[in-house]
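Asker: Mind having a look at this structure? Questions to follow.
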């Protein structure tokens, strides 16, 4: 196989697969990208970790058809350092790949294209259109709450389901200590029941959504989610598990409501948490009329306390939270003012942007 391609085009192709290829694996081929001729003026570049796969088309001049696989990171590092506009890749004997760009030449190890895993292919995938801006927001506001505990496999992804009452999509994530739920209007989702999309898949999907404003399509077939946009197809194996009944965690009502400036609360949490216990990461919130006091106490370091003016007219309350959980929520809110909905020191707290609908974050309290 031999081809010539614009350096910028190949950089874009290889950059897209960097998060998918396996850096440390017992299957060396998973660290490689498959480059395959498609006609005389196009190639497809593919990568997979056996759970997530991506394939996309790129313009190139094909001198000799065929297919090759090259270490994706190595080739990416080489190509993005090239000074010329075009680069030539030529497959030699024993799977070696020659790379030429002007007076610059490399010779790197390749592997047989026949040993590259076959990516899932579906004849027809029922899908629905998604707006990049809306779906990026939905991913941002749920991904932070996904569990990193592999023993709780059913929590290692984001649960997606159709909103039955109206055309829309709902996404939910939880790690057992906090929960994030968001719903937004979309085309009617082509799904009969809820599915769990893995965290890594959503990270890669978000990257594709950030690459231009072109709408994409998302569909579900068998045990996979399939996202297509332009000439790019991302396939993600769904998490095989039952997502917990998240509706039971969300408080039906709250007796106390606090309104506070987001940036003021964020900065106060960051300052107060400097003296929070390292493991517990707890901060106590003391509420009284129009006043919120934040405090932290570390026996080894000392204590911190800061007061904020807020809108609050309820009874006094003392409640503790993990400050990192609070900061994670505040980081994804776009509103200048946030609302905290509280009941008592043992009940979950709800955080949302003031005046916004469709998004809630629920955080379990902690004893301090």
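The values are calculated or read from the model by the stated rules, or taken from the named source; none is laboratory data. If you're wondering where the values come from, they're calculated on a predicted model, not measured in any experiment. When we count neighbours, we look across all protein chains shown, and the Cβ atoms used for this are built from the backbone with ideal geometry, even at glycine.
Asker: Going residue by residue through the range 83-94, is there one that turns out to be in contact (Cβ under 8 Å) with a residue 24 or more places away in the chain, closer than 26 Å to residue 157 by Cα and either assigned by TED's automatic domain parsing to the domain that holds residue 224 or out of contact with any helix residue (DSSP H, G or I) (no Cβ under 9 Å at 6 or more places or on another chain) (or both)?
Answerer: Within the range 83-94 (the criterion being in contact (Cβ under 8 Å) with a residue 24 or more places away in the chain, closer than 26 Å to residue 157 by Cα and either assigned by TED's automatic domain parsing to the domain that holds residue 224 or out of contact with any helix residue (DSSP H, G or I) (no Cβ under 9 Å at 6 or more places or on another chain) (or both)), the answer is no, since none of the residues qualifies.
Asker: Okay, moving on. Is it the case, given these coordinates, that residue 173 is out of contact with any helix residue (DSSP H, G or I) (no Cβ under 7 Å at 6 or more places or on another chain), buried (at least 21 other Cβ atoms within 10 Å of the Cβ) and under 20 Å from residue 322 (Cβ atoms)?
Answerer: The answer is no for residue 173.
Asker: Being within 20 Å of the chain's Cα centre (by Cα) and surrounded by fewer than 17 Cβ atoms within 10 Å (Cβ to Cβ) is the filter here, so list the residues in the range 1-20 that pass it.
Answerer: Scanning the range 1-20 gives 12, 15, 18, 19.
Asker: Considering only residues that are out of contact with any strand residue (DSSP E or B) (no Cβ under 8 Å at 6 or more places or on another chain) and part of a loop (DSSP other than H, G, I, E, B), look in the range 151-188 and name the one that is farthest from residue 352 (Cα to Cα).
Answerer: 151
Asker: Would you mind telling me which numbered condition in (1) outside any strand (DSSP E or B); (2) surrounded by 13 or more Cβ atoms within 10 Å (Cβ to Cβ); (3) in contact with a strand residue (DSSP E or B) (Cβ under 8 Å, 6 or more places away or on another chain) residue 233 fails?
Answerer: (1)
Asker: Is there a residue in the range 321-331 that is free of Cβ contacts under 8 Å to residues at least 40 places away in the same chain and either out of contact with any helix residue (DSSP H, G or I) (no Cβ under 8 Å at 6 or more places or on another chain) or outside any strand (DSSP E or B) (or both)?
Answerer: Checked the range 321-331: no residue is free of Cβ contacts under 8 Å to residues at least 40 places away in the same chain and either out of contact with any helix residue (DSSP H, G or I) (no Cβ under 8 Å at 6 or more places or on another chain) or outside any strand (DSSP E or B) (or both).
Asker: While we're here: What residue, among those in the range 117-137 that are touching a strand residue (DSSP E or B) at 6+ places or on another chain (Cβ under 7 Å), crowded, with 18+ Cβ neighbours inside 10 Å and within 16 Å of residue 213 (Cα to Cα), is modelled with the highest pLDDT?
Answerer: Checking each candidate, the answer is 132.
Asker: Would you please name the residue that is farthest from the chain's Cα centre (by Cα), looking only at residues in the range 289-303 that are assigned to a strand (DSSP E or B) and closer than 25 Å to residue 333 by Cα?
Answerer: 291
Asker: Please go through the range 332-356 and pick out each residue that is part of a strand (DSSP E or B) and within 21 Å of residue 144 (Cα to Cα).
Answerer: Correct list: 337, 338, 339, 340, 341, 349, 350, 351, 352, 353.
Asker: Still on this structure: Restricting to the range 149-165, and then to whatever is touching a residue at least 40 places away in the same chain (Cβ under 8 Å) and surrounded by fewer than 20 Cβ atoms within 10 Å (Cβ to Cβ), can you tell me which residue is nearest to residue 362 (Cα to Cα)?
Answerer: The qualifying residue nearest to residue 362 (Cα to Cα) is 154.
Asker: Among the residues of the range 236-251, which ones are surrounded by 15 or more Cβ atoms within 10 Å (Cβ to Cβ) and part of a helix (DSSP H, G or I)?
Answerer: Result: 246, single match.
Asker: Across the range 100-128, what is the total count of residues that are over 34 Å from the mean Cα position of the chain (by Cα) and either touching a residue at least 12 places away in the same chain (Cβ under 8 Å) or not in a loop (DSSP other than H, G, I, E, B) (or both)?
Answerer: 7
Asker: Let me ask something else. Residue check: is residue 193 modelled with pLDDT under 90 and within 25 Å of residue 250 (Cβ to Cβ)?
Answerer: yes
Table: residues versus (1) under 22 Å from the mean Cα position of the chain (by Cα); (2) buried (at least 16 other Cβ atoms within 10 Å of the Cβ).
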position	(1), (2)
320	no, yes
340	no, yes
343	no, yes
351	yes, yes
355	no, no
358	yes, yes
362	yes, yes
365	no, yes
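Asker: Restricted to the range 252-276, and to residues that are assigned to a loop (DSSP other than H, G, I, E, B) and surrounded by fewer than 16 Cβ atoms within 10 Å (Cβ to Cβ), which residue is farthest from the chain's Cα centre (by Cα)?
Answerer: Looking at the filtered set, the residue picked out is 255.
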